[in-house]
1. Can you tell me which residue in the stretch 160-175 is surrounded by the fewest Cβ atoms within 10 Å (Cβ to Cβ), limited to those that are under 18 Å from the mean Cα position of the chain (by Cα) and of a type in the set (Gly, Ala, Ser)?
2. Somewhere in the stretch 36-47, is a residue open to solvent by 30 Å² or more (accessible area, probe 1.4 Å) and part of a loop (DSSP other than H, G, I, E, B)?
3. Pull up the stretch 8-26, narrow it to residues that are assigned to a loop (DSSP other than H, G, I, E, B) and open to solvent by 50 Å² or more (accessible area, probe 1.4 Å), then point me to the one that is nearest to ALA173 (Cα to Cα).
4. Being charged (D, E, K, R), in contact with a Gly (Cβ under 6 Å, 6 or more places away or on another chain) and modelled with pLDDT of 95 or more narrows it down to one of ASP9, ASP66, ASP40, ASP77, so name that one.
5. As an exercise: evaluate TRP195 against (1) modelled with pLDDT of 90 or more; (2) open to solvent by less than 60 Å² (accessible area, probe 1.4 Å) and give the number of the one condition it does not meet.
6. Yes or no: THR225 modelled with pLDDT of 95 or more and either hydroxyl-bearing (Ser, Thr, Tyr) or within 17 Å of the chain's Cα centre (by Cα) (or both)?
Amino acid sequence: MTIKYVVFDWAGTLTPWHTVDLAGIWLETAREIDPDGAPDLAERLFQAERELMARCRDTQGSATLDEVFRAVDVVPDGPTIATYRRAWEEHTYLDPDGAELLRTLRERDLGVGVLSNTLWSADWHHEIFERDGIHDLIDAAVYSSEVPWTKPNPLIFELIAERLGAEDPGSCAFVGDRLFEDIYGARQARMRTIWVPHSAIPDEERGSDSAEPDATAHTLKDVLTVLDSWAAQQPTS
């Protein structure tokens, strides 16, 4: 089937892979909430996040940042969220090749989507895309924090295909860095898959199921090469 839409994972795909000090981020956040009890609170926040993310992988049920705070009986105020966001900001910037790739896809009349497993709100992601100058290059996005499922549940892949206007998920290519959530999940939804294998996925975050990708792109620029090779294989009438 001809590819008409290209859907991207966000963290580790549209952004470069980062090894993130999650415990350190929670310590900064906890100091804003309770300076005296920050180490203990930070550890409880860190463990709550780990448990929720493990649930997302194991059951493909979604979670939110608010749930992390609720798990430790904290209602975060504006300064707390601002501190958390500042601690994450350096890890949220677009890959240097990302904007050019998305512009080229749009110039080729290909729809562009984003599908992310995330605890963060859609609004926060939209602000990040606005900052990086690509918000207007994305036709549709689905964030697990806004729906009941996470990748690799095929329902979340089918939802992004629907929002893009695809009559069949088979007309979508999915680009991601994780063999479980991204490649296995997209294949369950009958999408073609492009693996970007530059991420050092921790062992505890690797799912039990994985799949061979249809193609591998070692950089975002290579995505165009893959799409061109697939187009060349299409029969001509």
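1. Once the filter is applied, the top-ranked residue is ALA173.
2. yes
3. So, considering only residues that are assigned to a loop (DSSP other than H, G, I, E, B) and open to solvent by 50 Å² or more (accessible area, probe 1.4 Å), the one nearest to ALA173 (Cα to Cα) is TRP17.
4. The unique qualifying residue is ASP9.
5. The number of the failed condition is (2).
6. Here the answer is yes, as THR225 does meet what is asked.
The values are calculated or read from the model by the stated rules, or taken from the named source; none is laboratory data. Please read all numbers here as calculations on a predicted model, not as lab measurements. In this analysis, Cβ positions are derived from the backbone assuming ideal geometry, glycine residues included, and neighbour counts consider all displayed protein chains. Note: accessible area is taken over every heavy atom of the protein model, side chains too, but ligands, DNA and RNA are not part of it. Shrake-Rupley method; radii C 1.70, N 1.55, O 1.52, S 1.80 Å.
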